[in-house]
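See structure below.
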Amino acid sequence: MASPPKPRIIIALLATAVALGLVATIFVTFTAPLSTAKAADTTLPPIASPTTSLSPTPSPSPSPTASPSPTAVVAPVPIKVREPKPASRTRKARNVPALPRDDHQGRRIVYDKALMTVWVMSKSNEVLGRYPVVGRFDRPVMGTYRIFSKSKVAYNPNSKVTFNHMMRFTYGPDTKSPIGLHAIPRYYDGTAMHSTKQLGLAIAAGGCVRLSEEAAAAIYKWAKVGDRVIVLPSP
């Protein structure tokens, strides 16, 4: 039968146990802050990045639009139309208008005896030509005629002259000789009856309408038998 432990041994064991518990408590006390410190060292609170507050961009203020200054309305200056002055035997007509003074329309030849001028008008009433002429005031009488024949060269044995580009549209009141438009007559020796500088004067002895050679050729080429010839009155 075993003998009970002795009191001295029991006291020693108790002292040993107390000592061991004290040591464990001390160990825990000193080691816990270290681990907490290590955790604090490894886990840093996040660093808040500074928020940059953007100031609003000022919207450009519109520059004021200049109001247009009122445009001054300039009244058109009326064009003063000068009254045509008739020709005579010694003076050419003045202020001859661009358009003939008749009230007809369309394709035609207009002979203004007062202005000693001939116009050639197209079907659309446009001026194809305007030419000074030599004629006489009393013939042919005013009216509407038509070209009834054309001759490249014509003759007048009484006056002993020839003339080119004859376009007949009526007859003389006395002699019943044809009256027409043609170039300045030339005598048989080739001398012109008068110069081109005299075109525009009422110096003709007969009733024909005399033009420059170039003008007569141009009208002759354009004109057709049956075309109207409008003769306007003398002054």
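The values are calculated or read from the model by the stated rules, or taken from the named source; none is laboratory data. All figures in this text were calculated on a predicted structure; none of them were measured in a lab. With ideal geometry, Cβ positions are generated from the backbone for all residues, glycine too; neighbour counts draw on all protein chains shown.
Of the residues making up the range 153-193, those that are surrounded by fewer than 19 Cβ atoms within 10 Å (Cβ to Cβ), free of Cβ contacts under 8 Å to residues at least 24 places away in the same chain and not polar (S, T, N, Q) are 153, 155, 157, 171, 174, 176, 189, 190, 192. Does residue 196 count as among the polar types (S, T, N, Q), modelled with pLDDT of 95 or more, touching a helix residue (DSSP H, G or I) at 6+ places or on another chain (Cβ under 9 Å) and over 19 Å from residue 140 (Cα atoms)? Yes: the conditions hold for residue 196.
So that you can scan it fast, the table gives a plain yes or no per residue for (1) aliphatic (A, V, I, L, M); (2) assigned to a loop (DSSP other than H, G, I, E, B):
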{"residue": "194", "(1), (2)": "no, yes"}
{"residue": "197", "(1), (2)": "no, no"}
{"residue": "204", "(1), (2)": "yes, yes"}
{"residue": "226", "(1), (2)": "no, yes"}
{"residue": "235", "(1), (2)": "no, yes"}
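Within the range 92-103, the presence of a residue that is buried (at least 19 other Cβ atoms within 10 Å of the Cβ) and of a type in the set (Asp, Glu) is excluded.
Restricting to the range 120-160, name every residue that is within 34 Å of the chain's Cα centre (by Cα), among the basic types (Lys, Arg) and not in a loop (DSSP other than H, G, I, E, B).
Taking the range 120-160 and keeping what is within 34 Å of the chain's Cα centre (by Cα), we get 120-131.
Checking which are among the basic types (Lys, Arg) leaves us with 123, 130.
Hit for the range 120-160 is 130, nothing else.
Across the range 93-119, the qualifying residues are those that are of a type in the set (S, T, N, Q) and either in a strand (DSSP E or B) or in contact with a Pro (Cβ under 9 Å, 6 or more places away or on another chain) (or both), and the one among them that is nearest to residue 136 (Cα to Cα) is 117. If the condition is being loosely packed, with under 13 Cβ neighbours inside 10 Å and in contact (Cβ under 8 Å) with a residue 24 or more places away in the chain, then the range 107-140 contributes only 138.
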